[in-house]
Amino acid sequence: MIQNNTNSIYTTSQSRTIILVTIILTGLLLFFSLLHVLTALLSAIILYTLFRSLFLFFVIKKKWSKTLSAVIIIVVSFLIIVVPLTGLSIMIAQKLIHFKQHPEPLNNIINKLHEYAGTGFDMKDTIKNSINDISKWALAAFSVFLTSALNVFVTLIILYFTLFYMLKSYEKFEAALIKYLPFNQNQSVKFGNELKNITLSNILGQGMIGLCQGIIVAVGFLIFGIADPLFWGTVSVFVCFLPVVGAPIIFVPAAIIELSMGNNFAGFGILIWGGVLVTLVDNFLRQFISKKIANTHPLITIIGVIIGIPFFGLIGLVIGPFLISFFILLFKMYEENYLNPSNTSNVIVDINKDDRLI
């Protein structure tokens, strides 16, 4: 047993400094040790924010147990997020393997494009080499994905275990957040609401846009007789997370290919169909989301995707823009509280035990 010794060699200030430095160093060590599961932890936070309202509906309105409600949330999130991403990866891999084993249709398209463009556009070999390089890279990437399946499985386990305990202990979790956030209680609740809005805007809002545009592309391919409408519609859902390019990166090349093959009806048809309907849906939904939820600038999405995919992989489409929006939110809260405190709203936010933070 350690005896109480009042004759310490350190002063109170020195002891406080030593403890603080130890906490910081230990925290940094833990942070770098957990980098390989950072994707899982961030994904758990995002899923918690997305599904918290549904969880509270089960627990409070339906009077279901927290454990049962958390399990239902996990199953639902798995079915609508993990399964589609896995399916998309398999579909792309199968398509690339098919192109690799049966290059004749692709070569015919390249020859048609070469003839259509004329002799001044001698890019035949360049196009072939580029497609081969892309195919090799994609197949290699998919092979790496398969070989690292264990890491993916571990990441999912950590993600859902974290999400389960965050949901089951949501009251303690949110009370701790309010306690340790560097804001007063009112501002902490405001921070939680803003975090919810940017999460819904970045993920749920963009997902709605992507789903609608993917359906439009698939229906258009089906109407004008373009091959694989289901596949390209599914791909469109995910590429719509890329602003500016989005769905046009799918239907514009399809139109060019159809025109080069002499299918003017299909070529001009899918170009007009996609150009008009995709643009209308995109503009309408973005205005609706900005009014009802939050307005996420396309530049945030572009930069977020650029920095997110290399670090987090495919899920970086979501995590990248989320992190940038989170950084901007923190800076905004800091400015309101410490740089311009006179502009801080004095409105008191009502906090009850069922909706404590978000």
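Nothing in this text is a laboratory measurement; each read-out follows from the coordinates by a stated rule. Here the structure is a predicted model, which means the values were calculated and not measured. Positions of Cβ are generated from backbone atoms using ideal geometry, with glycine treated the same way; all protein chains shown enter the neighbour counts.
Reducing segment 207-226 and segment 163-195 to their Cα centroids gives an inter-centroid distance of 39 Å. Highest average first, the peptides 232-241, 315-324, 269-278 ordered by how many other beta carbon atoms sit within 10 Å of their residues are 315-324, 232-241, 269-278.
Checking the Cα-Cα distances for LYS62/LYS332; LYS61/LYS196; LYS66/LYS95; LYS62/LYS172; LYS66/LYS332; LYS61/LYS332 against a 32 Å cut-off, the pairs over it are LYS62/LYS332; LYS66/LYS95; LYS66/LYS332; LYS61/LYS332.
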